[in-house]
1. Pick out which of MET53, MET116, MET143 has the largest mean-square fluctuation in a Gaussian network model of the chain, springs linking Cα atoms closer than 10 Å.
2. Work out, step by step, the length gained on full extension between GLU75 and LYS60: first 0.36 nm times the residue separation, then minus their alpha carbon distance; give nm to one decimal.
3. Please identify, among LYS59, LYS131, LYS87, the residue showing maximal mean-square fluctuation in a Gaussian network model of the chain using a 10 angstrom Cα cutoff.
4. Along the Cα→Cβ direction, 7 angstrom out, place labels at GLU22 and GLU48. What is the inter-label distance in nm?
5. For segment 69-139, what is the accessible area per residue in Å² when the probe is 1.4 Å?
6. Over segment 1-107, with every protein chain in place, what whole percent of the accessible area is carbon and sulfur at 1.4 Å, could you tell me?
7. Determine the gain in length on full extension of the stretch SER128-VAL92; use 0.36 nm per residue of separation and subtract their C-alpha separation, reporting nm with one decimal.
8. Give me the one-decimal nm value for the distance between modelled label points at ALA108 and ALA156, 7 Å along each residue's Cα-to-Cβ direction.
Amino acid sequence: MKRAVCPGSFDPITFGHLDIIERASGQFDEVIVAVFVNRSKSGLFSVEDRIEMITENVKKFPNVSVDSGSGLLVEYCKKNGVQAIVKGLRAVTDFDYELQMAQVHIQASGVETMFMATSPTHSFLSSSIVKELAYYGGDVSSMVPSNVNAALKARAGEPQ
């Protein structure tokens, strides 16, 4: 059985993330969406909130589960029998960083990294942009699932 992990902070999950998860679910027997805390970013939602939002949106994929992790991704992969890491790439700047990480992962543990080009529809999306727009009252309903949109509005103090 081929298991893959789609790691990220998912703070919050966007349609771009969900596109990569859906496409990965068609390539692997099992896909784990693993919520990790990015120490260089301040989180808007707790890990538990993120897991809940993601779970609601991936339940239509029977081979996708949601988990959380901390520490090194390669250690998570070893512990959970994961053979591949799936990462979405939006632009060349993503590739530069992700290639370095992929090389570290293969050298440190033998875990392969599979890159998927983000759909052009979602290539501009990032959780940071979504949070910034939502903070200032912008409409992000075309960028995130409805449960995430509602959570963002609640955080911004807007009526749902």
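1. MET116
2. 2.6 nm
3. In this elastic network of the chain, the residue with the biggest mean-square fluctuation among LYS59, LYS131, LYS87 is LYS59.
4. Inter-label distance under the simple model: 3.1 nm.
5. Values: 4360 Å² over 71 residues.
I get 61 Å² per residue for segment 69-139.
6. Working: 2990 of 5850 Å².
Its accessible area is 51 percent carbon and sulfur atoms.
7. Working: separation 36, 0.36 × 36 = 12.96 nm, distance 1.80 nm.
My answer for the length gained is 11.2 nm.
8. Calculated label separation equals 3.6 nm.
The values are calculated or read from the model by the stated rules, or taken from the named source; none is laboratory data. Note that the structure is a prediction, hence the values are computed from the model and not measured. No Cβ is skipped: glycine too gets one built from the backbone with ideal geometry, and neighbour counts run over all protein chains shown. Calculation scope for accessible area: heavy atoms of the full protein, side chains included, ligands and nucleic acids excluded. Shrake-Rupley method; radii C 1.70, N 1.55, O 1.52, S 1.80 Å.
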